[in-house]
Every structure is written in structure tokens, then in C-alpha cells.
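> Below: one structure in C-alpha cells.
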Amino acid sequence: MLISLTFATALVVALLATPIVRVLAHRRAWLDQPGGRKVHAAPVPRLGGVAMAIAFGVAMGVAILLSPDLDAVGGLRPNRAPAILGGASLLLVVGIIDDIRGMRALVKLVFQVAAAGLAWWIGLRIEWLYLPWDMVNVGILSFPLTVGWIVAVINAVNLIDGLDGLASGVVLTALGAFGLLAAVDGVDPTLPIVAATIGAAIGFLAYNLHPATIIMGDTGSMFLGFVVGALAISLTQDGVQPMPPWVPIIALGVPIADTAWAIVRRTAAGSHFFIADRGHIHHQLLRIGLSQRDAMLLLTAISAGLAVVAVALGQVD
């Protein structure tokens, strides 16, 4: 009941909030202009991520009101909401500033590290690597591994956000896998967070499918990237049988592979990593003749297949 209500709340709020944000962005001329790695032909309102964050926050508020003792279930199932809400709130402010006024890539990176560091400080940490043959305590590597993973996922989601609906679609497939694995393993406090994120993303996606009337902007991509990266950590640290690290890596295989290819491509070309280009996977699909919608559906289908593989591997003892 709690999970369904959390999902429904996020979905309804996102469906209502997104057109309001869209109107505001039009009135204030907060528009994303064509050019660079962007493929839309006309200016599109930014800040769709604000609507997602509002929907997520309201849904989480409902979940906390209905089940305030989520953190009372013991060490196997700790409450991850404070760390995720804290880091996401910081990135929400950063994203809004970036989408409205612009922000240098290095400055954004510093704030991403700060948000991930805040989550680590509150208690969301990679402390163990649960491998089939052994459990490895990472010790002093906990902080750099936690921060490095979250920042990497944030930027991977940001880089894959190049077609209408693509970032939301890819993240939704990973969240579906995480939700199934968390439910099977009894990581109860994580499930409302998954449900709230899925509801918010689907509600926004209704307006973001091609031809999109609003895009998520960096506000949305950083929000989704942070939350899905944080949930991946919970999946590998909590529960009766925490998942091995490759399970979330496979579930997020499409954005991770695209980011890895971008690093190789830009390094080989002698380009700065933070300079946008049109060499991403979705650009290559458009170049060979696929439409935006077909390229988005293909990559989302591949991501869904990887999510199925991740769930299957997560069930292997």
C-alpha cells in the first residue's frame, strides 16, 4: 500500500507540476537553445527537473508521514532517505542555477562531489564489496569509492540526456531492476524512494517524449543521476544478501558505456572532456538514419534487456 501510494503521489504531482514549470520557463525565457550536441531544432523550455524533484519530494513526504519509523528496522535495512534527500536538495539548487544562468563545468563538478560527500557523511557509504567468493571491506577507500561512483553516474545520466525521453527511459529501466531486487531482498526503506523516483520520472516523461515540450535540463539529469547512483549503493550494501557491484553497473550499462566511450573518444582526439560533442551513441544512431523516437526506443530497449540481466545475476547465489 505504501509503495503504491508513494508512486501514485509522485506520478500525479509530476503530471500537474510539469506543465506549470513549462509555462513559467516560457514566460521567463528559460529555454534550451539548439546547437552543440543538442538535436532539437527549436528552443525548448528547460527546468523539467524541477517538476520531477517537486513530485519526488511530495511523495517522500507522504511516505515519511505514513511510515515515520522506516529507520527502525535494523542494520540490514537502514533508512537511506536522509542521505538521498540531502544530496538531491543540494544538486537541485545547483541545477536550477545552471539551467537559468549557466555554470562552469568544473564548478558543477565541485558541487556534485559536495553532494556525494554529504550523502557519505550522513551514512550512504560503500563499505563492503560483496563478491561471490568473499566479502571485502574497502576501509579508507569508502569515501573516494562512494563519491566517485555517485559523481560518475550523475555525469553518465547527463551525457545520455541527448534525445527526448532517453535519460528518463534508461533510468526507469534501471530503477525497475533496483526495485525488483530490493523487494526480493527485503530492503523495505529503499522501495518508497524507488517508487517516488519512478512516479516522478514517468509523470515528466509524458511531456518529454518526442517531440518534447519540455526537457529536464541539468536539474533533472543531476537529480536522476544522483538518486539512481545512491540507490545502487543501497542495493550493494543493504539486505540479507547485498548485490555484487556489477549488478548496478550492468543495469546502468547504456549510460556507463556511453560515458566510457566519450572519455576514450575525447582523449584520443585531444579534446577536453567537458566540451560537448556529437559523438554519443544516440548521435551515431541518428547518423545512420534512425529517427529520434526510434533511437530512443532502441537504447531504452537495450537498457531494459540489461536490467533483466542485472536482475538475473542478482538472484544468483
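> So for region 2-314, considering every pair of alpha-carbon atoms, how many percent are separated by more than 30 Å?
27
> Run the quick spin-label model on ARG265 and ARG287: label points 7 Å from Cα toward the beta carbon, then report their separation in nm to one decimal.
Distance between the two pseudo-spin positions: 0.7 nm.
> Work through the residues other than THR300 whose Cβ is under 11 Å from its Cβ and net out their charges, Lys, Arg +1 and Asp, Glu -1.
0
> Among ASP98, ASP134, ASP294, ASP161, which comes first, then next, by fewest other beta-carbon atoms within 10 Å?
If I rank by nearby Cβ atoms, fewest first, I get ASP134, ASP294, ASP98, ASP161.
> In whole angstrom, note down how far apart the Cα centers of region 163-225 and region 232-263 are.
15
> Given H placed 1.01 Å from N in the peptide plane, which residues other than close sequence neighbours of ASP32 have an amide H under 5 Å from its amide H?
Sorted by chain and number, the residues that satisfy this are VAL44, ARG46.
> Still on this structure: Could you check the simple spin-label distance between ILE97 and ARG278, using points 7 Å along Cα→Cβ, in nm with one decimal?
Computed distance between label sites ILE97 and ARG278 equals 3.2 nm.
> Let me ask something else about it. Quickly work out the TYR130-to-LEU24 label distance, labels modelled 7 Å from Cα along the C-beta direction, and quote it in nm with one decimal.
Each label point is offset 7 Å from its Cα along the Cβ direction, giving 4.0 nm.
> Let me ask you something else. Counting only chymotrypsin sites (Phe, Trp or Tyr not before Pro) that are in a DSSP loop and have at most 14 other C-beta atoms within 10 Å, tell me the longest site-free stretch of the chain.
After excluding every exposed loop site, the longest remaining stretch is 134-272.
> Using Cα atoms only, what is the angle between the long axis of helix 142-160 and the major principal axis of the chain, expressed in degrees (0 to 90) to the nearest 10?
30
> A follow-up question, please. Can you tell me the 0 to 90 degree angle between the C-alpha axis of helix 253-268 and the longest principal axis of the chain, rounded to 10?
60
> Between LEU66 and VAL184, what's the calculated FRET efficiency when r is the beta-carbon distance and R0 is 30 Å? Round to 0.05.
0.85
> Collect residues whose amide H, placed 1.01 Å from N in the peptide plane, falls under 5 Å from the amide H of TRP128; neighbours closer than 5 in sequence don't count.
Correct list: VAL138.
> Against the empirical 2.2 N^0.38 Å scaling, what ratio does the C-alpha Rg of region 121-170 come to?
Taking the Cα Rg and dividing by 2.2 N^0.38 Å, one obtains 1.53.
Computed from the coordinates by the stated procedures, all read-outs in this text should not be read as laboratory data. Keep in mind that this is a model prediction, so the values were computed, not measured. Note that we place each Cβ from the backbone using ideal geometry, even for glycine, and neighbour counts take in every protein chain shown.
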